[in-house]
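The values are calculated or read from the model by the stated rules, or taken from the named source; none is laboratory data. Bear in mind that the values here come from a model prediction, so they are computed numbers and not experimental data. All Cβ positions, even for glycine, are placed from backbone atoms using ideal geometry, and neighbour counts span all protein chains on display.
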Amino acid sequence: MTETRRIIIDCDPGQDDAVALLLALASPELEVLGITTVAGNVPLALTSVNARKVCELAGRTDVKVFAGCDRPLQQALVTAEHVHGKTGLDGIELPAPQMPLAPGHAVDFLIETLRREPAGSITLCPLGPLTNIATAFAKAPDIVARVGRIVLMGGAYFEVGNITPAAEFNIYVDPEAAAAVFAAGVPMTVIPLDATHQALTSRDWVEHMRGLGPVGAAVASWTDFFERFDKEKYGSEGAPLHDPCVIGWLLDPTLFEGREINVEIETEGRFTRGMTVADWWGVTDRPANALFLRSTDRTRFFALLAERIGRLDA
Ligand code: BDR
Ligand code: CA
């Protein structure tokens, strides 16, 4: 048996964040040291409630959930209720969480954990705007070199943008934070829209999930809700499960293909603020700073998801 990978999930649930949390909590290869929440898809108060609802749905009230930053570093918060609904987790009404938030700020949890644990032993998994991570790096620069890897969902190259013509939502919400994280020198895996738009649910898969039990049924109701946005916008067949790709890559990197390239964050462009400027073709001599994924093996990814979510309903 390979060693357990120790992760901290930084998220803004979000139906697809919620599925990512379930996938991680169902996977014995991963030890979730904590979940940190950030303002993104919906304001912080809601992402912090939603993360706890998901832990309770998974029967994992032992996992600590820390609330983090309630706004981006320099600009007003942009949210995505038009995608995720008013609560961020529209689709099924889950009970209000009984488990409390863990005491303290998410940023302090990140700093303390990275200082305490062996250097290089922790993987950070950001599924939302990078505000918490950038704030922790700014407050405690000594932790940067202690991060083993960052595996994040964000950005786009061939697929360009989903919130503006040029920018993907997670990067667009806090471009200054993204710029700081991409420049930090931590080994990074970046999972952009190019890969996640290939992680599209199918009707058969959703119906299979619905039949599994309460957890599968929740996943089915979330994807039912969430797919309408992409169907209307892109004419796509189902819902793209963006954030679960992060956990999918940790569990089986062969599900994805990509290249080690340079990725810079545009913070100034009049039309392109928040763009991930990805040097896919290597036309600059800027050094590679990320493994940037471009494609997903949809069949194997959804088989893995179904098998793992099924464990929570067994
Ligand atoms: C990303 O933005 C959010 O709406 C999703 O949760 C995902 O993290 C996709 O652009
Ligand atoms: Ca997210």
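Quick look at the numbers
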read-out	value
Qualifying residue in region 34-44 (condition: away from ligand 2 (no atom under 16 Å from the Cβ) and surrounded by fewer than 21 Cβ atoms within 10 Å (Cβ to Cβ))	yes
Hey, ASP204 acidic (Asp, Glu) and farther than 22 Å from ASN50 by Cβ or not	yes
Every residue from region 266-279 that is outside any strand (DSSP E or B) and surrounded by fewer than 21 Cβ atoms within 10 Å (Cβ to Cβ)	GLU266, THR267, GLU268, GLY269, ARG270, PHE271, THR272, ARG273, ASP279
Matching residues, region 280-314, being crowded, with 19+ Cβ neighbours inside 10 Å and assigned to a loop (DSSP other than H, G, I, E, B)	ASN289
Hits in region 119-166 (condition: free of Cβ contacts under 8 Å to residues at least 60 places away in the same chain, in a loop (DSSP other than H, G, I, E, B) and more than 16 Å from ligand 1 (Cβ to nearest atom))	ALA119, GLY120, ALA140
Number of the condition not met by GLN74 [criteria: (1) more than 16 Å from ligand 2 (Cβ to nearest atom); (2) within 17 Å of ASP12 (Cβ to Cβ); (3) not small (Gly, Ala, Ser)]	(2)
Pairs, first within 10 Å of ARG259 (Cα to Cα) and in contact (Cβ under 8 Å) with a residue 60 or more places away in the chain in region 285-303, second crowded, with 20+ Cβ neighbours inside 10 Å and aromatic (Phe, Trp, Tyr), C-beta under 6 Å, six or more apart	LEU293/PHE256
Failed condition for ALA134, given (1) surrounded by fewer than 22 Cβ atoms within 10 Å (Cβ to Cβ); (2) more than 23 Å from PRO244 (Cβ to Cβ); (3) not polar (S, T, N, Q)	(1)
Candidate set: region 70-107, residues that are surrounded by fewer than 16 Cβ atoms within 10 Å (Cβ to Cβ) and part of a helix (DSSP H, G or I); chosen: the one modelled with the highest pLDDT	GLU81
All positions within region 179-201 that are free of Cβ contacts under 8 Å to residues at least 60 places away in the same chain and under 13 Å from GLY154 (Cβ atoms)	VAL181, LEU193
Checklist (1) away from ligand 1 (no atom under 16 Å from the Cβ); (2) under 27 Å from TRP222 (Cβ atoms) applied to ARG116, failing item	(2)
Close pairs (7 angstrom Cβ cut-off, 6 or more residues apart or separate chains): part of a loop (DSSP other than H, G, I, E, B) in region 237-265, charged (D, E, K, R) and within 16 Å of ligand 1 (Cβ to nearest atom) anywhere	GLY238/GLU227; ALA239/GLU227; ALA239/ASP230; LEU241/ASP16; HIS242/ASP16; ASP243/ASP16; ASP243/ASP17
Residue list for region 109-156, filter: within 26 Å of LEU23 (Cα to Cα) and aromatic (Phe, Trp, Tyr)	PHE109
Residue list for region 1-48, restricted to those being within 14 Å of ligand 1 (Cβ to nearest atom) and in a strand (DSSP E or B)	ILE9, ASP10, CYS11, THR37
